1. Answer yes or no as to whether A:N126 is buried (at least 21 other Cβ atoms within 10 Å of the Cβ) and in contact with a strand residue (DSSP E or B) (Cβ under 6 Å, 6 or more places away or on another chain).
2. Output the qualifying pairs, or none if there are none: Cβ atoms under 7 angstrom, residues six or more apart or on different chains, first residue in the range A:131-160 and among the basic types (K, R), second residue away from RNA strand B (no atom under 16 Å from the Cβ) and at pLDDT 85 or above.
3. For the list (1) surrounded by fewer than 16 Cβ atoms within 10 Å (Cβ to Cβ); (2) within 11 Å of RNA strand B (Cβ to nearest atom); (3) of a type in the set (S, T, N, Q), I need the number of the one condition that A:Q453 fails.
4. Just for the range A:342-363: of the residues that are among the small types (G, A, S) and part of a strand (DSSP E or B), which one is nearest to RNA strand B (Cβ to nearest atom)?
5. Residues to consider are A:R339, A:R391; find the one that is basic (K, R), open to solvent by 50 Å² or more (accessible area, probe 1.4 Å), under 15 Å from the mean Cα position of the chain (by Cα) and within 15 Å of RNA strand B (Cβ to nearest atom).
6. Of all residues in the range A:206-253, which are among the hydrophobic types (A, V, I, L, M, F, W, C), more than 16 Å from RNA strand B (Cβ to nearest atom) and out of contact with any helix residue (DSSP H, G or I) (no Cβ under 7 Å at 6 or more places or on another chain)?
7. Looking at the range A:557-572 only, could you name the residues that are near RNA strand B (Cβ under 9 Å from one of its atoms) and either touching a helix residue (DSSP H, G or I) at 6+ places or on another chain (Cβ under 6 Å) or not basic (K, R) (or both)?
8. Mind checking which residues of the range A:433-445 are open to solvent by 10 Å² or more (accessible area, probe 1.4 Å) and within 28 Å of A:L392 (Cβ to Cβ)?
Amino acid sequence: MNPKNPMTELERIRHSAAHVLATAISRIWPDAQFAAGPPVENGFYYDVQLGHRISPEDFGRIEEEMGREIKANHVFERRVVSRAEAMEMATQGRLAALADRQEASRFKLDILTGIPEDEEISLYTNGEFIDLCAGPHVMRTGNIGAFKLTHVASAYYKGDERNPQLQRIYGTAFKKKAEMEAYFTMLEEAKRRDHRKLGREMDLFAFDDDVGPGLPLWLPNGTVLIEELEKLAKESEFAAGYQRVRTPHLARENMYLTSGHLPYYEESMFPPMELSDKNAEGGAGGVSDRYYLKAMNCPHHHKIFKAVPHSYRDLPLRLAEYGTCYRYEQSGELLGLMRVRSMQMNDAHIYCTPAQFEEEFMAVNEMYLKYFKIFGLKDYLMRFSTHDPARLGEKFVNDPEMWKQTEEMVRGVLQKSGINYVEVPNEAAFYGPKIDVQVWSAIGREFTIATNQVDFAVPARFGLVYKDRDNTEKTPLCIHRAPLGTHERFIGFLIEHYAGNFPLWLAPEQVRILPIGDEPELVEAASALRAELRGHGVRAEVDASSDKINGKVLRAEEAKVHTMLVLGRRDLEAGALSVRVHGKGNLGAKPRGEVVADLLASIRERRGNEA
RNA sequence: GCCAGUGUAGCUCAGGGGUAGAGCAACUGAUUCGUAAUCAGUAGGUCCCGGGUUCAAUUCCCGGCACUGGCUCCA
């Protein structure tokens with residue numbers, strides 16, 4: 001830990017709890033080898049190498065040992081040592097241990113060799129346990145008020161796949177027990193809004209082994225969400241001067257060789273479909289052609305650009321498509337809708353001149369902000385990813401001048417629009433800088449929900465040109481943007497964002513009419529109301545079950561139906577409807593015409609739940 | 001892909017070497033009820049898949065698959 005970057009009190013508690021965890025593990029398994037044990041967002045962990053496989057069943061006795069260590073209230077003692085002394089101790093197995101051992105403290109030894117010459121080396125001692133550590137810690141082990149081990153996972157040493165896998169024991173710690181209890185309550189709440197759980201409960205989407213992992217099936221309710229988002233996107237894009245195109249889901253190998261995706265991204269693409277042709281060169285049974293499922297839409301759109309000659313008068317040319325892409329994500333990376341293998345992207349490519357770039361890029365950002373406003377999205381982070389000059393020609397296209405130019409343009413746009421952002425070097429795409437919008441899922445994982453990228457390299461590879469004013473051919477810049485990301489991830493996010501309580505315009509079932517009883521006049525009035533609403537495009541149903549009104553209300557609430565219209569004899573006679581809104585309760589009776597007009601206005605204006 | 005855990009009805013879960021269990025949902029019938037559960041009945045199972053041990057495996061063992069939690073990755 002960097003002493004120039006002091007930790008908060010909570011971080012010090014958690015960092016100290018990590019040392020106490022290592023102390024406890026050392027007591028039970030003295031041959032344990034420890035790597036790193038830092039505080040993290042919601043707690044702490046310590047990486048350990050151990051013959052015994054630690055399972056949650058072991059947590060009880062580890063926690064017991066930790067409890068004793070805390071009760072003993074040992075002081076965390078800091079001591080600066082010479083490099084030689086530290087190496088000596090590591091060799092004797094004394095670091096991250098209770099005593100000298102047969103084996104050296106091998107990870108600590110490795111960490112020591114990585115510490116720069118001019119940096120101070122410090123040890124922290126709590127009781128008999130000594131660890132190599134820059135600190136800081138709390139004063140005494142007793143300052144750790146409440147702690148709990150949460151799970152065990154595995155992690156590669158130093159995060160490198162080629163290194164050995166260590167067991168990572170996660171825990172959390174707080175100053176006060178009540179704070180910890182509040183934290184676990186919050187976790188339970190978060191689980192309730194997990195899109196995987198809500199997706200099943202609300203019949204939004206499903207996975208099936210025979211279809212394949214990461215390939216979601218959109219059920220009717222989920223498809224409503226998709227269609228509403230597409231309607232929104234198509235309206236906004238039409239208004240912003242985009243043109244719609246459609247492209248196939250696959251293409252021949254050669255296109256991906258041109259784009260550069262093969263062989264660099266072959267691992268992330270589904271393996272090719274190989275065609276054999278008896279007449280082909282190579283003889284019978286030889287492979288005559290390979291087709292790949294598309295992992296991105298850009299090459300297809302570039303080909304559309306190229307299909308007709310373009311003049312500078314055509315630019316900016318904005319080609320939009322909800323394109324379906326397929327990516328062979330590693331099996332362990334799949335996560336509900338947030339990480340899938342088939343995805344429908346809110347994609348568009350804007351071809352423009354450098355002079356037009358700023359205005360176009362800014363218009364895209366404005367489209368983002370407009371969407372975020374509609375969805376009431378406030379908790380996001382704009383991440384501006386730039387290149388690393390040291391990796392030109394390797395990770396990034398070797399064109400320092402274009403990098404400088406485009407990054408300055410993007411930075412300028414961001415500053416001009418007063419958008420809050422963080423700049424992250426070395427995270428750009430290979431073809432240009434980009435802005436990603438980061439959000440967090442209910443279970444705390446971070447995802448890119450939208451992206452806006454500059455591409456100054458690939459159009460040239462495809463030989464895209466336009467005839468400029470001076471009658472010379474020039475290569476356009478390309479802006480690659482997906483403000484609504486993919487349907488899969490965006491809807492996964494929206495489910496959690498709204499906890500399944502969608503605003504009226506998005507709700508799969510917008511209105512449910514609940515007749516009280518089944519007298520013929522009531523049933524008839526309910527059907528007539530449904531027909532009228534459906535005539536206006538409202539997704540309305542009638543609950544014609546034999547449930548009592550209480551039961552009907554319960555079932556509609558459970559299904560998260562947005563608006564319930566209770567229709568009884570009293571309402572029928574008054575020409576009224578009793579309105580009940582999910583989560584808001586009974587709003588009382590209103591004239592029928594007013595109710596319908598309110599519903600239509602809310603849908604048309606895409607009002608949020610609070611409106 | 002790697003490490004660990006889990007896999008029983010549509011859902012949530014109990015059980016256990018020898019006819020497979022509950023609640024909710026579904027279906028049938030009765031009920032005519034004014035804002036979060038009306039009553040009764042019926043039906044529903046390859047206990048994830050394959051192999052092994054056993055007189056007998058859903059249960060124990062091995063392998064696979066899927067999911068969960070992480071790690072790695074994420075154009």
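The values are calculated or read from the model by the stated rules, or taken from the named source; none is laboratory data. Computed from a predicted structure; not experimentally measured. So basically every Cβ, Gly included, is an ideal-geometry build from the backbone, and we count neighbours across all protein chains shown. The area values use the complete protein model at the heavy-atom level, side chains included, leaving out ligands, DNA and RNA. Shrake-Rupley method; radii C 1.70, N 1.55, O 1.52, S 1.80 Å.
1. Details: buried (at least 21 other Cβ atoms within 10 Å of the Cβ): yes; in contact with a strand residue (DSSP E or B) (Cβ under 6 Å, 6 or more places away or on another chain): yes.
Yes.
2. Partner pairs satisfying both residue conditions: A:R140/A:N73; A:R140/A:H74; A:R140/A:V75; A:R140/A:F76; A:K148/A:M180.
3. (1)
4. Residues of the range A:342-363 among the small types (G, A, S): A:342, A:348, A:355, A:363.
Pick out the ones that are also part of a strand (DSSP E or B) and you get A:342, A:348.
Working: A:S342: 12, A:A348: 14 Å.
This residue is A:S342.
5. Values: A:R391 fails: under 15 Å from the mean Cα position of the chain (by Cα).
The conditions single out A:R339.
6. A:V224, A:L232, A:A233, A:F238, A:A239 - these are the residues of the range A:206-253 that are among the hydrophobic types (A, V, I, L, M, F, W, C), more than 16 Å from RNA strand B (Cβ to nearest atom) and out of contact with any helix residue (DSSP H, G or I) (no Cβ under 7 Å at 6 or more places or on another chain).
7. A:E557, A:E558, A:M564, A:L565, A:V566, A:L567, A:G568, A:D571, A:L572
8. Once the filter is applied, which keeps residues that are open to solvent by 10 Å² or more (accessible area, probe 1.4 Å) and within 28 Å of A:L392 (Cβ to Cβ), the range A:433-445 yields only A:K434.
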